[in-house]
Amino acid sequence: MNALSVFSLILALLFLLVTAGCTQTTPPVPTPVETTATAIPTPVPTTPPSLTPGPTQTLPEVWNLETQVYSNGVSIDPLITVSVQGGKGLNFIQQVDVRVTRSDGVVETAVIAKPLYKGKEVSLRSTTAPGYRDRVEVWATTPQGDKVKIFDDYIPFRTYH
């Protein structure tokens, strides 16, 4: 093969490469589609959160989880603490959800996520006015993903014995 035929062959391959679209090009810009539908807002219920504790459930013995719920009683930084205290379910329960409905109507939530161990805790704000009691709800998430309410009661800011 002489140099002219090699050069012709390279030119032919380059021409095929360019015309085959193997070079990188910018993608076409999509044109926006105009729609005429309008969104209708859905009304949100305005019922206040309930301060009345409800029924609780018991976890099966193999998933049993012990928790402790208490108020710190400190007026400058009032907190309600929920801590995991042990149980057979430490390795099985996926997470522990905590919801505090304060007596002033504010709702706060927190999650104690895996890995669960004795002493793992979360703290949420509390109210301090005398006579006010905050409602605390604690749910455990089973290995199947079901949420079981294991605690639901009032937690007073301070108790006097």
Checklist entry - Within the range 88-126, how many residues turn out to be touching a Phe, Trp or Tyr at 6+ places or on another chain (Cβ under 8 Å), surrounded by fewer than 20 Cβ atoms within 10 Å (Cβ to Cβ) and not in a strand (DSSP E or B)? => result 5
Checklist entry - Within the range 34-54, can one find any residue that is in a loop (DSSP other than H, G, I, E, B), touching a Ser or Thr at 6+ places or on another chain (Cβ under 9 Å), at pLDDT 75 or above and within 30 Å of P143 (Cβ to Cβ)? => result no
Checklist entry - Of all residues in the range 56-97, which are touching a residue at least 60 places away in the same chain (Cβ under 8 Å), in contact with a strand residue (DSSP E or B) (Cβ under 8 Å, 6 or more places away or on another chain), farther than 12 Å from I150 by Cβ and of a type outside the set (V, I, T)? => result Y70, S71, P78
Checklist entry - Looking at the range 137-161, which of the residues that are part of a loop (DSSP other than H, G, I, E, B) and modelled with pLDDT under 90 is surrounded by the most Cβ atoms within 10 Å (Cβ to Cβ)? => result F157
Checklist entry - Condition test on V84, is it at pLDDT 90 or above and touching a helix residue (DSSP H, G or I) at 6+ places or on another chain (Cβ under 8 Å)? => result yes
Checklist outcome for this item: Checked T58, T81 against criteria (outside any loop (DSSP other than H, G, I, E, B) and hydroxyl-bearing (S, T, Y)); the one match is T81
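The values are calculated or read from the model by the stated rules, or taken from the named source; none is laboratory data. Keep in mind that this is a model prediction, so the values were computed, not measured. Here the Cβ is made from the backbone with ideal geometry for all residues, glycine too, and neighbour counts use every protein chain on show.
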